[in-house]
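The values are calculated or read from the model by the stated rules, or taken from the named source; none is laboratory data. Treat the numbers as computed from the prediction; the structure is a model and nothing was measured. Each accessible area value is taken on the protein alone, full model and side chains, heavy atoms only, with ligands, DNA and RNA left out. Shrake-Rupley method; radii C 1.70, N 1.55, O 1.52, S 1.80 Å.
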Amino acid sequence: MTIWIGLVVIAQLINAAIVLVDKYLLNTDRGIGRPAIYAFYISMLSLVVLVMVPFGVVSWPSALVVGLSLATAVSYIFSIFFLYSALKTMDASDAAPVVGAISAIVTFILARVWLNQDLPQTFTLGFTLLVIGTLLISHFRFNTRSFALVFFSGALFGLSAFLVKLIFLNASFADGFFWSRIANVVVAASMLILPSNWKLIKESFHGSSSGIKWLLVGNKTLSGIAFVLILFAISVGSVSIVNALSGLQFVFLLTFAYFCAGMFPAVFKGEIHPHKIHHKLYGIIFIIFGFVSLFLQ
């Protein structure tokens with residue numbers, strides 16, 4: 001198995017669990033549960049990359065890397081804001097697959113225009129099956145507002161993945177990882193310029209229990225691990241395929257829901273339903289065939 005594809009599989013297994021915890025936090029906590037505040041805390045947790053500085057693996061970035069990093073951060077923060085806004089009113093297995101498919105398509109289009117060799121011809125069939133399967137996972141229960149949220153979230157996720165690939169083409173993995181994460185912190189901290197945002201963030205911190213705070217930190221620690229794996233895969237492989245493999249997350253998500261719905265009904269409510277399981281199974285079949293096809297070329 002190509003190593004970078006294996007790393008993405010592990011990352012998407014972790015991401016499936018992360019999505020469910022995110023949904024729990026967004027729907028049970030009055031403080032951190034606001035999408036904008038949640039996006040702020042997630043971005044600020046990127047400060048952990050400062051531990052890299054004493055090891056001397058980071059160098060000063062070029063102006064191009066700085067610009068790309070800031071653009072990536074803006075795209076990423078707005079994408080998670082739109083996603084978490086959608087998750088407030090939708091099932092994760094309805095919203096996230098469409099976000100993943102749109103992200104993969106946008107990344108493919110951008111990479112096709114700017115990175116001619118990003119998607120080898122032998123991977124085209126696998127990419128197509130993965131995207132179709134990802135779309136089929138969703139039940140498409142959207143109104144105008146919810147569709148707009150998932151569309152913009154997916155488009156911005158795709159843009160941020162493409163920009164990350166550009167960063168790695170112009171910097172080492174350590175530099176690209178470090179400065180793109182620091183840019184997240186800079187963009188998130190700019191939210192504090194407005195007194196109203198500062199007040200909301202302060203209230204959210206004091207309004208959340210210590211258990212919720214630790215659950216958020218633990219969940220985002222796992223998210224950081226998954227993100228590092230995905231970033232490394234993007235740096236050495238096809239960013240289009242990496243994004244298309246997000247469909248595996250939903251296969252894992254539905255597997256968790258099937259086995260754990262009885263234990264955690266508040267989290268898994270709506271993820272498994274007899275009337276919408278058939279097209280999800282079709283989606284899983286497409287994703288599995290798409291994944292297998294990557295190794296039959």
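Quick check on my link table: of Lys165/Lys202; Lys23/Lys280; Lys23/Lys199; Lys165/Lys199, which ones sit more than 31 Å apart, alpha carbon to alpha carbon?
Beyond 31 Å: Lys165/Lys202; Lys165/Lys199.
Leaving out ligands, DNA and RNA, what percent of the accessible area of the chain is carbon and sulfur, probe 1.4 Å?
Values: 10260 of 13820 Å².
Looking at the chain in its full context, I get 74 percent from C and S.
Just to be sure I understand, if you calculate volume of the Cα convex hull per residue in Å³ for this structure, which of (1) 133; (2) 122; (3) 169 do you get?
(1)
Over region 44-181, with a single point scatterer placed on each C-alpha, what log10 of the ratio I(q)/I(0) does the Debye formula yield at q = 0.09, 0.12, 0.15, 0.21 1/Å?
Here the Debye-derived log intensity ratios amount to -0.33, -0.57, -0.83, -1.18.
Choose one answer from Pro54, Pro97, Pro35: the residue with the largest mean-square fluctuation in a GNM of the chain with alpha-carbon springs under 10 Å.
Of Pro54, Pro97, Pro35, the Gaussian network model singles out Pro54 as fluctuating most.
Roughly how many Å² is the accessible area per residue of region 56-193, as a whole number, for a 1.4 Å probe? Could the numbers behind the result be given before it?
On the way: 5850 Å² over 138 residues.
Roughly 42 Å² per residue, with all protein chains present.
Taking Rh as the Kirkwood radius computed over C-alpha pairs, what is the Stokes-Einstein D of region 1-115 at 10 °C in a medium of viscosity 1.306 mPa s, expressed in µm² per second?
Numbers: Rh = 16.7 Å.
So the translational diffusion coefficient is about 95 µm²/s.
As a test of understanding, state the convex hull volume per residue of region 69-136 from its alpha carbons, in Å³.
Working: hull volume 5.5 nm³, N = 68.
Value for region 69-136: 80 Å³ per residue.
Going by Cα centres, region 213-243 and region 50-115 are how many Å apart?
Cα centres, region 213-243 to region 50-115: 11 Å.
Using Cα springs under 10 Å in a Gaussian network model of the chain, which residue among Ser235, Ser180, Ser196 shows the largest mean-square fluctuation?
Of the options given, Ser196 has the highest mean-square fluctuation.
How long are the three semi-axes of the equivalent ellipsoid for region 148-231, computed from the Cα gyration tensor as the root of 5 times each eigenvalue, in whole Å, largest first? Please report the intermediate quantities before stating the final value.
Details: eigenvalues 146, 59, 44 Å².
The answer is 27, 17, 15 Å, longest axis first.
Under 10 Å, Cα contacts only: if you run a Gaussian network model on the chain, which one of Thr134, Thr72, Thr255 comes out with the highest mean-square fluctuation?
The residue that fluctuates most here is Thr255.
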